[in-house]
Amino acid sequence: MIVCVAVVGHQNNPLYIQSFTEADDALKLHHIVHCSLDVVDERVNNPKKSGPMLNETFLGLLYPIENYKVYGYLTNTKVKFILVTTDLDVKDADVRNTSFIVVLNGIYYQTSNERMAQFELV
Amino acid sequence: MANFLAQFQTIKNSSDRLVISVEDVSDLWPTVKPAFEGRLPFKRASLNNKTRNPVLVEKLPAEFILTTDSRLRSRFPQEQLLFWFREPYATVVLVTCEDLDEFKTILKPRLKLIVQNDEREWFIVFVSKAHPANDQATKMAKKVYAKLEVDFSSRKRERCCKYDMHFPEANFWEDLESKIMECIRNTLDRRVQFYEDEIRKLSEQRLMPVWNFCNFFILKESLAFIFEMAHLHEDALREYDELELCYLETVNMAGKQRDFGGADHGDDQAAIINPGNKALTQIVQEDSFREFEFRQYLFSRQSKLLFKLNRPIEVASRGYSFILSFSKSLALHERILPFCMREVWVITACLALIEATTSNYSDGLVAPDVEKEFFRLLGDLYSLARVKFMRLAYLIGYGSDIERSPVNSASLSLLPWPKPAVWPSVPADASTEVLDKEKLILQTTPSTKHFGIQRKPLPLEPTVLLREANRRRASLSAGNVFEMFDSRQGPMEGSGFDASAKMSPQKVLSSSMTRTNSSPGNFDGSIDRPMRLAEIYIAAEHALKKTISNLEMLKSLSSSEEFEKKYLELTKGAADNYHRSWWKRHGVVLDGEIASVAFKHGHFDQAAKSYEKVCALYNGEGWQELLAEVLPILAECQKILNDQAGYLLACVRLLSLEDGLFVTKERQAFQAEVVRLAHSEMKDPVPLDVSSLITFSGNPGPPLELCDRDPGILSVTVCSGFPDDITLDSISLTLMATSNADEGVKALKSSTAIVLHPGRNTITLDLPPQKPGSYVLGVLTGQIGQLRFRSHGFSKVGPAESDDVMSYEKPAKPILKVSKPRALVDLDAAVSSALLINEHQWLGILVRPLNYSLKAAVLHIDTGPGLEIEETHIIEMESYAGVSENDDDEVQKDGAQIDSLNSEKKFERSTLHDGKIVFPNWASDTPSILWVLIRAISDTLNRGSSSVTTRRESIVDGMRTIALKLEFGAFHNQIFERTLAVHFTHPFYVRTRVTDKCNDGTLLLQVILHSEVKATLTIYDAWLDLQDGFVHSGQTEGRPNSKFFPLIISPTSKGGILFSISLDKTNAEEAVTQPESILNIKYGISGDRAIGAHPPFINESTGVDSARQELIFKSVIVLQRPVLDPCLAVGFLPLPSDGIRVGQLVKMQWRVERLKDLNEKEISEQNDEVLYEVNANSGNWMIAGRKRGHVSLSKNQGSRIIITVLCMPLVAGYVRPPLLGLPEIDEANIRCKPSGPHLVCVLPPTLSSSFCIPVNS
C-alpha cells in the first residue's frame, strides 16, 4: 500500500505531500520523506557511486528499511518525487513502470496545471 | 560422506596452514630444522588462484612435518582424499652422502623408492657436511651432488639443490623457496582441480533425490579451506558466496519441511561474527543444515575472510543486508521461535557487527566517500538496533519513556507487533508485579506540550497493543469484546498507552467480567479473561527474560533508567555515525531525540543546542510541519534558560509558521509571550529578525514620483503575521537608492505608535526631500517595548493567483522615484518691447508651471533702483492661453490644456501685500500672467541729436530690474528666483537738422521724431522753447501749423515737424538763462500692454478717459550759432628748396591776411595791431628773435603782412615745425588755409670740417 507520495522542490523544500493513512500521523511520513532526501542527495553528489544511474531519473529504492520502502524519482529540474510504500514485496520495476510515473506525474502535472489548493508553495 | 562432518570439523580446527613433509633420509632434520623453519612464513609466495592466474601472497604460513610424524602416518586413504587439503603440499627429501659408492648402492635405490609416488610433489636437498677447508671432502660432495642431479633432475624440472651446512650458498634459500613454491603451486592446482571436478559432479546431481547438501558443503568448504590456507581469501570468499547461494536455493525449495532452528538457549544472541558458535554436527538435519544456525555460520565465515582481506566496510554492508534478510526469515518462523526472538536477535546482531567492524576498521585508510558510506552503515545498524530495542521496551511498559516524535513514530508505528503463536500469559506468581505496573501506569501523566498546544500524540504502535495481545492469545475467543472496546475508543485512537491510561483497570475488568458472565462457561476463567495492559507488560517482560540470554541486555530492560541509558547509547551511536556520513538529516533528527532526553532530565542547555540544530534543518528547507513539532520545545528550553533573545526569536518563528499548523488560540499565546517579554524588564533591547512575520511592500501600482527637493508621504503595506493586533512603538523604514550604492540608506521614521492588525495594513510615513533617483524599500525596523525588531521580508504585491508559482522571489520594485532637478516653473516678462518711462505701466510677468502644481504659491516682487510699484499695489492676474507653450507641455498636460482652453479665461484683481502675492487655485496648474503696475523713474530729459552727430545709444539707460521669488510646492519648499530685466524708453527719439539757411537769416529746423515703442502715437501738439540766441521767426510762437495735428505715427516709424527760427541779435548782452532748447510734444498713445508700451494706468477714481489721455514729451535740443565766419587767414610760406639742416638757420614765414572788415566794436579793441605768438618744441627748435609780439595790420579787407622768425633745427629727422598762433583772435575767426605742414624734414649737419671755415667767409 502506498502510504505517502511527495513532491519535493529543487531546494529540498516540500511542494506537495499527500499521505494515505487513516490515523492522524502524517508527520511521521513527513519525517520519512525528509530523511529520504539524504539518500537522494548522496546519490546526486556521488555520481561515481551511482554509476550507470547517473542519467537515470528513477532513483529506485532509497531506503531498505525493514517495514517500509521509499522510492525516489528525480526530474531534470531536480524536483523529487518520493513514494513511501508499506508493500514490501513490490518490485522496483513495478514501481518504476506503473505507480511512480502514473501516480506522481499525474499529481505533478495536475497540480501544476490546475493549481490545486493543496499545492503549497514554500 | 555426511558422516565425516564431525571429523571434518575437527580437521578444520586443527589445520590452519600448509604442510610440507620432510623425508629425513640421513637424519639431518634436527640439524637443519632451525634454519629451515627460520624461513617461515614464506614471503611473496607466487600461487595460482582459482582461475589459474598468478597471485602474490605476501605471507604464506607453512609447517614442516617429518613424514614419520604421527599426524601424517595414521590416515586412511579415503580420509586422505576427502580431507586432501590437510595433506602435505610438498615433500623435501633431505639426504647427505660422502661417498660415491654409498650413493650408488644405498642412497640412490632408496631415493628412487621414495619418489616413485607421483602423487607427491618432491625435491631433494643434498646437505653437504664437508668443511670448506677440507678440499677432499668438498670435492667428493660435489661429485656425489653431481651424480644426484644426473639421476633425479630432468630437463623439465630441477629437483635437486645443495645445502652447505657450514657456508650455505648465497642463493640456496631462494632456490629452496622457489622449489617449495613450485611444489605447493602444483599440488594446489591439482587439488583445486580435483575438488572442482567433484563439486561439478555433485552439482549436476542437484535436482536428483539423492542429492545431499552436506556432501556438497564438505567439498565446497574444503575447497574454500584450501584457498584460505593458501591465503587466497578472495577465492575462499567466492566459494562461501556460492555455497550461500546454493543453500538459499535449496532451503527454500518447497515440499521439505525442515526445522528452522533457533530454539536453543543462547540462540537469541546472533552468531554472525563467531563461526565456532555451534558445531556443524549440531545443526545438521537430514541431508542439510538448520537455516537459523547455518546462515549465520556462512555469514561469519564470510565476514572472517573479509576481515582478513581488510574489508570491514564490506562486512558492515553485507551484514546490514544480511540482518534485514535474516530478520525477514525470522519473521516467517516467528510462531515457533521464542517471544520477541527476532527483535532480540537483530539487536545483538547489529551490536556485534558494529563492534567487529569498528575494531577492524582503521581511520583514514580508505577514500573519504567510502569512509562516509561506512559510517552511514554503522548509523543504520545503530538505528536498527535502536528501533528494535524501543519496541522491546514498549512491550514491557516503557512506552511512556519514549518520545512520541516523528522519527520514533515512523520507526515504531510501521513496525508490526511480534507475532508469537501464543501471546505470553501472566505467570501465576506475578500478581504483585502487575499491581505495581498498574500503579505505575496510573501515575504516569501524559506529557503536555508547551504553550498549551493541543496535539494528538503520534503513535508508537502499529495497532493497539491491548487488542493485538489479546487477539493473539490462542484460546481466547472473546476478541469481539475487544473489538467493541476498541471501537469505543474510536478509530483514530492510535495509542494503546493512552487507551489504558483513560480506561481504569476496573473498567476493563468489569467489561471482561460481563463477558465472562455471559459466556456459556466453557472457558477457563484465567485464560478467558482478556489481559489488561499491565498484565500484557508483565507477561511480555517474563517472556523476554526467558528469551534473552544476554545479561547485559536483560539489565538494559530491567528498569526505566537502564532502558534510557541503553536508548541513549544507541541513539548517540546512530547520530554520531550519521553525522560522519552523508546522511546529515538523519544525524540531526536523532540529535533531537537525544535532546528530548536531556530536556527530561533538566539539561536544558544541551537540549537547546540540539533542538536549535534540528530547527535550523527544518527551517532551512521549509519543512514547516516538522518544525512546528520541535520549535515549541526549543522555545521552552530557551525560556527556562532565560535566553530572552532566543526565546523571542523562537516565538516569532512559531508565529511565522503557516497558518494551519497552529490554531488561533495557540498563536495568540505565542504573541502574548512576545508582547510580555518585549515589555518586561529586559536589561538591554533585544534585536530580533521578524522577516517572516512582518513583511512589507510598496502599494501596488506605479511608484510614488516626486520632484527633486519635494517632501512627500509614502504609503507602505505592512503585512502582520500576528494573530491579534499588535502595537508597534515606533517604526522605521529604510529606502535604498537603486542606482547609487554610495548613497547609503535613508530611514523614514514614524515615532508614533502604530497598531498593526492581522493581515494587511497601510502605513503612511513622512518622506523628507530625497536626492534624485529611484528607491526601493530596504529594511523595516521598529520597536515593541524593549524588543527591537527588524524585517527584510517583502510581501507579495498583487493578487496571489497572478503570481508565477515557480518564482520564489520577486525583484524589488521601486517604490519611489525622485526625478532629477528640472525647471518646475518659468517666470518671464510678458512684454516683448519697451515700456514707457516715467509713466505707470503694467508689467506682465508670465508664470508658467512646468508640469508641477503651483497651488498656494507665493510670489515675492522686489523692484530694483529706478523702478517703483504703484502705490495702490494693484495686481491683475489672468490665465494665459498663449501659443508659446512647449509641445511637451501640451502633450503631457493634454487634459489640463483642454480644460483651460474650454473654460473661460480667468481674471482676478488683487493687491500686493508686503511685496508678495498668493496664487489663486485656478492658477496652480495653468500658465498665468501677473500684471504689476510699475513706474520707471528717470530724472534726465531726453536729448535729441543733430543730424551731424551720431546717436549715443545705451541699453542700460532704459533698463530696470525686478527681482522675483516664487515659493511653491506642497510645503513651499521649492523656490524659484529670477530677476527680470525690463526695458523702458521714451516714446520718441528726436533728431534735428537745419535743412536750409535763407538769405534773410531764417533757419529751417527740421525735427524728426522716431517712434521708440510698439504702439501708435498720436501727436496733438508740438512747440519749441528756444534757447538764448535763437528766436522764432514769424508769429508762430514756436508752433507749426495746427493743421498738421493730430499727427499719427505708427509703431517704429518716423514723423517730421519743421520749425523756422532765426538768430537772435538783439539781446546778446543778457545773461544766459536757457542754454538749451526744449521740444515739447503733446501726444497720446494707444497700445497693448501685452506687447509693450500702452496708455499709462490712471486710477479709475480720477475718471479720466484713458483713451484720450494726453501726455507731454519733452526733449532737449541744442542749437549752435553758425560758425562759418572767418576774418583772418594765416598761411605758411614754403621753406627753402635745398632743405634744412641741423644747426643751419632757417627763415620761417607766415602770411596773415585780413579777409573782411571787423565789426566796429572789435576794431576799437584791437587798434589795428595783431598779437602773434610762435610756439615750438624747444628740444627741436631754437628760435632766434621774438616769439611773441604785435604786428600792425590794416583794418581794411585784403591787407596782409608777413611774419618772419629765424629758427634753427636742433635734431635731424621729421619734426613738427613751429606754429604761429594769434591768441587774441577767436579761433573761429581764423582760417588756416593752407595749413602749415605737419612735419618738415631736417637733414643731419654737414661734416665738422665745415665748421673751420671762418665765419666771415
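The values are calculated or read from the model by the stated rules, or taken from the named source; none is laboratory data. The model shown is predicted, which means the values in this text are computed figures rather than measured ones. FYI the Cβ positions are ideal-geometry reconstructions off the backbone, even for glycines, and counts take in every protein chain you see.
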| task | Filter the stretch A:9-30 for residues that are in a strand (DSSP E or B), within 19 Å of A:VAL95 (Cβ to Cβ) and more than 9 Å from every other protein chain (Cβ to nearest Cβ) and give the result. | result | A:TYR16, A:GLN18, A:SER19
| Mind checking whether some residue in the stretch B:322-339 is more than 12 Å from chain A (Cβ to nearest Cβ) and among the charged types (D, E, K, R)? | yes
| field | All positions within the stretch B:368-422 that are within 9 Å of chain A (Cβ to nearest Cβ), surrounded by fewer than 24 Cβ atoms within 10 Å (Cβ to Cβ) and not in a helix (DSSP H, G or I) | value | B:LEU414, B:LEU415, B:PRO416
| field | Residue that is among the basic types (Lys, Arg), more than 22 Å from B:LYS278 (Cα to Cα) and within 55 Å of the chain's Cα centre (by Cα), where the choices are B:ARG318, B:ARG311 | value | B:ARG311
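For every residue, the table says whether it meets (1) in contact (Cβ under 8 Å) with a residue 12 or more places away in the chain; (2) touching a Leu at 6+ places or on another chain (Cβ under 9 Å).
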{"position": "B:LEU395", "(1), (2)": "yes, yes"}
{"position": "B:ARG404", "(1), (2)": "yes, yes"}
{"position": "B:PRO416", "(1), (2)": "yes, no"}
{"position": "B:GLN443", "(1), (2)": "no, no"}
{"position": "B:LYS456", "(1), (2)": "yes, no"}
| task | Could you list, in sequence order, all residues of the stretch B:15-34 that are in contact (Cβ under 8 Å) with a residue 60 or more places away in the chain and exposed (fewer than 14 other Cβ atoms within 10 Å of the Cβ)? | result | B:ASP16
| field | Residue in the stretch B:133-181 that is modelled with the lowest pLDDT, counting only those that are hydrophobic (A, V, I, L, M, F, W, C) and touching a Ser or Thr at 6+ places or on another chain (Cβ under 7 Å) | value | B:MET165
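Residues checked against (1) at pLDDT below 80; (2) in contact with a Leu (Cβ under 8 Å, 6 or more places away or on another chain); (3) closer than 17 Å to B:VAL818 by Cα; (4) part of a loop (DSSP other than H, G, I, E, B):
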| position | (1), (2), (3), (4) |
| --- | --- |
| B:SER739 | yes, no, yes, yes |
| B:ALA747 | yes, yes, yes, no |
| B:VAL755 | no, yes, no, no |
| B:LEU765 | no, yes, yes, no |
| B:VAL779 | no, yes, no, no |
| B:ARG790 | no, yes, no, no |
| said: Going through B:PHE213, B:PHE152, B:PHE172 one at a time, which residue ends up being surrounded by 15 or more Cβ atoms within 10 Å (Cβ to Cβ) and closer than 30 Å to B:ARG290 by Cα? | reply: B:PHE213
| request: Return the only residue of B:LEU280, B:LEU232, B:LEU245 being under 29 Å from B:LEU381 (Cα atoms), within 60 Å of the chain's Cα centre (by Cα), of a type in the set (A, V, I, L, M) and not assigned by the TED database to the domain that holds B:GLU63. | output: B:LEU245
| query | Quick one: is B:GLN454 among the polar types (S, T, N, Q) and either under 55 Å from the mean Cα position of the chain (by Cα) or within 14 Å of another protein chain (Cβ to nearest Cβ) (or both)? | reply | yes
| said: Quick check on this structure: which one of B:ILE226, B:ILE273 is among the hydrophobic types (A, V, I, L, M, F, W, C), surrounded by 20 or more Cβ atoms within 10 Å (Cβ to Cβ) and not in a helix (DSSP H, G or I)? | reply: B:ILE273
| said: Suppose we filter B:ALA616, B:ALA607 for residues that are assigned to a helix (DSSP H, G or I) and surrounded by fewer than 18 Cβ atoms within 10 Å (Cβ to Cβ); which single one remains? | reply: B:ALA616
| said: When the residues of the stretch B:619-631 are narrowed to those that are surrounded by fewer than 23 Cβ atoms within 10 Å (Cβ to Cβ) and of a type outside the set (A, V, I, L, M), which ends up nearest to the chain's Cα centre (by Cα)? | reply: B:GLY620
| query | Restricting the search to the stretch B:570-581, which residues are within 14 Å of chain A (Cβ to nearest Cβ) and crowded, with 21+ Cβ neighbours inside 10 Å? | reply | B:ALA574, B:ALA575, B:ASN577, B:TYR578, B:SER581
| Of these, A:PRO52, A:PRO47, A:PRO64, which one is away from chain B (no Cβ under 12 Å), at pLDDT below 85 and under 28 Å from B:LEU381 (Cβ atoms)? | A:PRO52
| task | Provide a single number: the residues in the stretch B:632-648 that are among the hydrophobic types (A, V, I, L, M, F, W, C) and either buried (at least 21 other Cβ atoms within 10 Å of the Cβ) or within 11 Å of another protein chain (Cβ to nearest Cβ) (or both). | result | 5
| remark: Checked B:SER556, B:SER500, B:SER560 against criteria (at pLDDT 85 or above, farther than 21 Å from B:VAL346 by Cβ, in contact with a helix residue (DSSP H, G or I) (Cβ under 8 Å, 6 or more places away or on another chain) and among the hydroxyl-bearing types (Ser, Thr, Tyr)); the one match is B:SER560
| query | Could you give every pair whose Cβ atoms fall below 7 Å, whose first residue belongs to the stretch B:1205-1227 and is under 13 Å from B:TRP1181 (Cβ atoms), and whose second residue is basic (Lys, Arg) and modelled with pLDDT of 85 or more, counting only separations of at least 6 or pairs across chains? | reply | B:LEU1206/B:LYS1147
| query | Do we find that A:ASP92 is away from chain B (no Cβ under 14 Å) and modelled with pLDDT of 70 or more in this structure? | reply | yes
